[in-house]
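Just so it is clear, none of the values below were taken in a lab; they were calculated from the coordinates. This one's a predicted model, so the numbers in the text were calculated from it and none came from an experiment. Note that each Cβ is placed from the backbone with ideal geometry, even for glycine, and that neighbours are counted across all protein chains shown.
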């Protein structure tokens with residue numbers, strides 16, 4: 001997969017924006033970045049699109065900005081010249097796709113049928129847009145089409161919102177969802193950038209789904225760990241379960257048999273998508289200790305510690 005598409009997969013949500021006035025580009029980009037989505041698909045539906053992309057790419061070089069609703073090769077050139085890092089089109093136009101591929105620009109063309117998918121595969125694409133997602137059959141249609149075409153992944157757009165976002169992202173063939181519910185054209189035109197930031201934060205929080213998983217105590221030895229776990233079982237009925245390196249009392253208390261990370265212990269935070277959570281926190285300046293990473297039998301990351309302690313407790317993320 002192209003590195004830009006890998007980055008989009010880590011972000012998870014691609015805000016699809018329509019900008020009528022280029023002066024709105026900078027405050028919009030700021031609101032999206034501060035809200036946790038350093039990404040935007042600026043549609044070429046308005047005359048301000050090229051200038052808006054240029055302003056964003058200049059002022060926010062860390063932001064992944066692309067061009068959407070690209071219908072001609074001239075628009076491809078204009079978008080790339082302005083600083084667009086990816087191209088999105090509503091339908092499958094082989095001429096546009098080949099033109100982008102020849103220029104080394106990642107493109108996700110719109111698809112809605114098996115015939116579209118076969119054209120994409122013929123040209124060597126690994127990721128396509130599914131549009132209009134809900135109107136074209138939604139997640140059920142994507143699952144049905146992906147069955148015979150195992151080498152293709154999707155970025156659905158059209159009708160995606162807070163209610164159905166997780167159902168789409170839970171399907172492993174979907175790398176990200178495009179949406180405009182947090183950044184509507186009317187909100188941009190009205191200068192409601194604080195509202196856009198708040199709705200972006202809401203979308204990110206819903207996607208990542210951070211929740212407390214358990215609290216870990218550092219015991220000096222196995223006997224002490226057993227005594228602590230027995231106390232929680234006696235007090236609250238939290239059933240004790242002995243593991244190799246720790247003893248659980250219920251699901252919310254873990255007691256390490258010997259001192260581990262954290263001056264006092266550790267706190268486990270579970271998340272819907274651990275790789276997206278890592279990317280989000282890294283963009284916030286947090287670092288992870290890669291030596292603590294744990295993987296399941298399929299090679300999927302399931303847990304990892306942050307380098308920073310809070311209140312004497314080490315923190316680690318756990319995949320739900």
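How large is the translational diffusion coefficient of the chain in µm² per second when you combine the Kirkwood radius over alpha carbon pairs with Stokes-Einstein at 20 °C and 1.002 mPa s? Taking Rh from Cα pairs, D becomes 100 µm²/s.
For residue 309 and residue 121 in one chain, what is 0.36 nm times their gap in residues minus the Cα-Cα distance, to one decimal in nm?
On the way: separation 188, 0.36 × 188 = 67.68 nm, distance 4.68 nm.
My answer for the length gained is 63.0 nm.
Taking R0 as 56 Å, what FRET efficiency do you get between residue 45 and residue 227 from their Cβ-Cβ distance, rounded to the nearest 0.05? The computed FRET efficiency comes out at 0.25.
In segment 211-319, Rg over Rh equals 1.00, where Rg is the alpha-carbon radius of gyration and Rh the Kirkwood radius from pairwise Cα distances. Taking 7 Å steps out from each Cα toward its Cβ at residue 162 and residue 1 produces label points 2.7 nm apart.
How far is the Cα center of segment 230-285 from the Cα center of segment 100-160, in Å? When both Cα centres are located, 40 Å separates them. Average 1/r across all pairs of distinct alpha carbons in segment 49-180, invert it, and you get the Kirkwood radius: 15.1 Å. Placing dummy labels 7 Å off each Cα toward the beta-carbon, the span from residue 140 to residue 59 is 4.4 nm.
Against the chain, whose longest principal axis comes from its Cα atoms, helix 274-283 is set at around 80 degrees.
To the nearest ten degrees, helix 25-35 and the longest principal axis of the Cα atoms of the chain are 20 degrees apart.
Considering only 168, 295, 305, the Gaussian network model of the chain with Cα springs below 10 Å gives its largest mean-square fluctuation to 295.
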